[in-house]
Each structure stands twice: as structure tokens, then as C-alpha cells.
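What follows draws every value from the coordinates through simple rules; no lab data is involved. Computed from a predicted model, the values in this text were never measured in an experiment. Cβ: placed from backbone, ideal geometry, glycine included. Neighbour counts: every protein chain shown.
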Amino acid sequence: MTIRPATAADAEAVAIVQVRSWQAAYRGLMPQDFLDGLDVDRRRRGWERIITEADWPSRGTFVAETGDGVVGFATFSAAPAEDADPAPVGQLNAIYLLPAAWSTGLGRQLITRTVAALVEAGYREARLWVLDTNDRARRFYAAAGWQPDGVSRVDTDFGIPLQEVRYHRPLP
């Protein structure tokens, strides 16, 4: 398994990972018609933009690759200004694996590399947002040293209200 910075050529694979993982991980947590309507091509266009606009070391995307190709990704950046305090705060924006790669240790390796990148970028703390009902993800984050900090929000970025809780961890 290799973890490496994503390139524009990875955008379609990242979109496939995102769609397939959402359809599996969020079944019963998000409206099924929303999950069924996820479009790889639309996501690919968004990922092309995100990946090509990387600003290493403060913002970027990693992919996890096996002999089967890209099986996961993580993306990070500075936390939004309204979400951050005066100290440099980074954010894990997304981490997803194809369902076949769940519980293999690849997610742990991917998050470890992403946390290292946040440290390299000079962030002193990192944050992430997770669906409050996503118990599997919440256990994963807790096992990786992240803790809820008591902040919650309703995210409507996808046109549906999603109740999220914020996790954080100090960085060395």
C-alpha cells in the first residue's frame, strides 16, 4: 500500500471512492434517494478542482493505493476562519475508503499520514466534522486520538440538513 499526494489524474478514482463509500457508510444515516443520486462524474469535476488547487503543505489530498488502484483518500486544509482560534488550526476535511478496504488498517495509515502533513504545515491543532449518528466513524476517530469538543452544527452544503459534531486533537 502506498499513500501519496493526489494528482489530477486521480480525480475520477477519488470520486468513485467517495460515492461508493458514502453509499455504504451513510445507508440509513442519509436519505436513500440522495445516496442513490450521487454522481461520479459530477464529483470528479469537483475533485479535479480540489486536487489541482492544492497548496502544499497547508492544503492537499492524499490517496491510498494498492495493487487494485486507489482505494481511499484524505483531504486537509486550514480550518475555516469562523471555526478557528488565533493559533494555526488545521482540518481533516474528508477521509474515505472503498468498503472492501474497511477494517484493514489502511484508514489508520491514511489518517496518520494526513495528521503528519498537518504537523508539517505548522498547525497546532486539528479539527474535523462527523455525522452525529455515524458511530463507526466516531469510533475510528476516537481510536486515532480525536475527541469531540462539544461543538455541533447543521450542515446544509448538500441540500439536506446533516447534524454534525466536531472532533479535535492537539498536534505535536
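With a simple spin-label model that places each label point 7 Å from the Cα along the Cα-to-Cβ direction, the separation between ALA143 and ALA116 comes to 2.0 nm.
Over segment 94-172, the pair-distance histogram of Cα-Cα distances with 5 Å bins from zero comes to 3, 14, 23, 23, 20, 14, 3, 0 percent, rounded to whole numbers.
By per-residue mean of other Cβ atoms within 10 Å, what is the highest-first order of 107-120, 156-169? Intermediate values should be presented prior to the final figure.
Numbers: 107-120: 18.3, 156-169: 13.8.
So the order, starting with the most tightly packed, is 107-120, 156-169.
Distance between the 7 Å Cα→Cβ label points at SER103 and ASP132: 2.8 nm. Only DSSP H runs of four or more residues enter the estimate; each adds -39500 (n - 2.57), and after division by the residues of the chain the mean residue ellipticity at 222 nm equals -10000 deg cm²/dmol.
Placing +1 on each Lys and Arg Cβ and -1 on each Asp and Glu Cβ, with no other charges, gives the chain a dipole about its Cα centre of roughly 420 debye. Counting every other Cβ atom within 10 Å of each residue's Cβ, TRP102, TRP129 order from fewest to most as TRP102, TRP129. Size of the chain from its Cα atoms: along the principal axes, largest to smallest, the extents are 40, 32, 29 Å.
Relative contact order for segment 2-128: 28 percent, from Cα pairs under 8 Å spaced at least 6 residues apart, divided by residue count.
Remark: segment 51-117 projects, on average over all directions, an area of 5.3 nm² (convex hull of Cα atoms).
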